[in-house]
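The values are calculated or read from the model by the stated rules, or taken from the named source; none is laboratory data. In this text the structure is predicted, and so the values were computed from the model without any measurement. Cβ placement follows ideal geometry from the backbone for every residue including glycine, while neighbour counts extend to all protein chains displayed.
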Amino acid sequence: MPLLEVENLKVSYGDFQAVNGVSLTLDEGQTISIIGANGAGKSTLLNAISGIHGQKTGTVRFAGKDITRHRADRIARAGMTMVPEGRRLFGSLSVEENLLIGASAGRAGQWTTGAIYELFPILGELRHAVANSLSGGQQQMVAIGRALMTNPRVLLCDELSLGLAPTIINDIYRCFGAIRSTGVSIVVIEQNVTQAVAAAGYAYCLLEGQVSLEGPTDMLAMDDITAAYFGTEKTE
Ligand SMILES: Nc1ncnc2c1ncn2[C@@H]1O[C@H](COP(=O)(O)OP(=O)(O)OP(=O)(O)O)[C@@H](O)[C@H]1O
Ligand SMILES: [Mg+2]
């Protein structure tokens, strides 16, 4: 049984259907990525899975339970947490205070502030600094840390690379091995195809709210991905 199973999910904003019949599965310990261009419906899909967006049909099952109608706080307590697009930190609170917000929303487990500072040593040094004073990369680390502090079984990451320099993006994604080794399953959403393909064993490409391509990342050819990503014909 998959840990997370999404079946024919459709999500709309009023009359506009942003996600149009997406199905995907995530097994325990697996990392999958969902790639797609600006406006493809990636964040809408992730928000709907994590209980934030309400206007939806289809089914979301987590650990065998139908959670389609559950609210976000209940889903987080059950073990599925999002690192939201744009980080959404409390800018005037310290690094540590932001991390502790995650702890209060989640479950007991091995992710403590100490474990986060081991994963991202710079955050330990900056633990009393207010979030607004950090660089973009450091803020992204806090957002990941705060999500891990809920001790999730599934971590949903929305565009971790957004607005960051390539070396910083590599630093951020390097933490995935350590996170995975604790048994956490990960969904990576990215516009950055190279990063998403490198981070995951299986990828889905979204185009206008539908899956235009999916497969094991080592079986996907870059020109097929490009065609599925932009909705263009493959060049022969
Ligand atoms: N609150 C909203 N109200 C109406 N339409 C919305 C809303 N949020 C998103 N949309 C529309 O839904 C579609 C999908 O948006 P979404 O943010 O899910 O895309 P995305 O793949 O996450 O894009 P990006 O890579 O830019 O973050 C877009 O056409 C967008 O304009
Ligand atoms: Mg988005």
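Only one of the listed residues (38, 47) is within 16 Å of ligand 1 (Cβ to nearest atom) and not in a helix (DSSP H, G or I). That residue is 38. Annotation note: Cβ proximity below 8 Å between a residue of the stretch 27-48 that is farther than 25 Å from residue 1 by Cα and a residue that is near ligand 2 (Cβ under 8 Å from one of its atoms) and in a helix (DSSP H, G or I) (sequence gap 6+ or interchain) occurs for 36/42.
In this structure, does residue 160 turn out to be crowded, with 20+ Cβ neighbours inside 10 Å, under 21 Å from residue 5 (Cα atoms) and hydrophobic (A, V, I, L, M, F, W, C)? Taking the combined requirement at face value, the residue does not satisfy it. Residues in the stretch 200-224 that are modelled with pLDDT under 90 and either within 18 Å of residue 45 (Cα to Cα) or buried (at least 21 other Cβ atoms within 10 Å of the Cβ) (or both): there are none.
Where in the stretch 146-224 are there strands (runs of 3 or more DSSP E), lying wholly inside it, with at least 1 residues that are under 15 Å from the mean Cα position of the chain (by Cα)?
Correct list: 154-158, 185-190, 202-207.
The set of residues from the stretch 89-112 being loosely packed, with under 14 Cβ neighbours inside 10 Å and touching a residue at least 12 places away in the same chain (Cβ under 8 Å) comprises 91, 92, 108, 110.
Being assigned to a loop (DSSP other than H, G, I, E, B) and in contact with a Ser or Thr (Cβ under 6 Å, 6 or more places away or on another chain) narrows it down to one of 59, 68, 81, so name that one. Steps first, please.
On the way: 59 fails: assigned to a loop (DSSP other than H, G, I, E, B); 81 fails: assigned to a loop (DSSP other than H, G, I, E, B).
On inspection, the qualifying residue turns out to be 68.
Of all residue pairs spaced 6 or more apart or on separate chains, those with beta-carbon atoms under 7 Å, a first member in the stretch 63-87 that is within 20 Å of residue 184 (Cα to Cα) and a second member that is within 16 Å of ligand 2 (Cβ to nearest atom) and of a type in the set (D, E, K, R) are 82/158; 83/158; 84/158; 85/158; 85/159.
Just wondering, is there one or more residues in the stretch 174-193 that are among the basic types (Lys, Arg), touching a helix residue (DSSP H, G or I) at 6+ places or on another chain (Cβ under 7 Å) and exposed (fewer than 12 other Cβ atoms within 10 Å of the Cβ)?
No, every residue in the stretch 174-193 fails to be among the basic types (Lys, Arg), touching a helix residue (DSSP H, G or I) at 6+ places or on another chain (Cβ under 7 Å) and exposed (fewer than 12 other Cβ atoms within 10 Å of the Cβ).
Filtering the stretch 100-123 to residues that are of a type in the set (Val, Ile, Thr) and outside any helix (DSSP H, G or I) leaves only 112. Among the residues of the stretch 182-236, those identified as acidic (Asp, Glu) and closer than 22 Å to residue 2 by Cβ are 190, 214, 218.
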